[in-house]
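Contents: one structure, followed by commentary.
Computed from the coordinates by the stated procedures, all read-outs in this text should not be read as laboratory data. Everything quoted here is computed from the prediction, not taken from an experiment. Because the Cβ atoms are built from the backbone with ideal geometry, glycine has one as well, and the counts that use them run over all protein chains shown.
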Amino acid sequence: MDDRPREPVPRSRSGAYGHRHERTGTEPTTAQSSLRLRLLLSALFAPLFLAAAVGFGLWADSSGPGSSPGSGPLWGIAAACALLGLLALVDVYVVRARQRRERGG
């Protein structure tokens, strides 16, 4: 690995493949994704979704035959919450990587 400090990457070049779509002239020149807000929302909702997944999983595990709601829908909701929690965690990682790349670190 190369330990030399890198030059910061400008926001316009911080995409996944190092380039963005060419400007068409109709979008604002200063339009940018709010990475801090995205990081805040992902960091806030990741533990909430993961806790909800655990809660629905425990509820589904303790529901008996004939319970309403049944264990099937509860396991489905638990799986959906787990997926959303995982996506939020991945988004935290992606945003932090973009912030490091833009700062040159």
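Give, as a single signed number, the net charge of other residues whose beta carbon lies under 15 Å from the beta carbon of Leu40, with Lys and Arg counted +1 and Asp and Glu -1. Net local charge, Leu40 excluded: +3.
Listed peptides 75-84, 59-68 appear in the order 75-84, 59-68 once ranked by packing, highest mean of other Cβ atoms within 10 Å at the front. Summarising the label geometry, the points placed 7 Å from Cα in the beta-carbon direction at Thr26 and Val90 lie 3.0 nm from one another.
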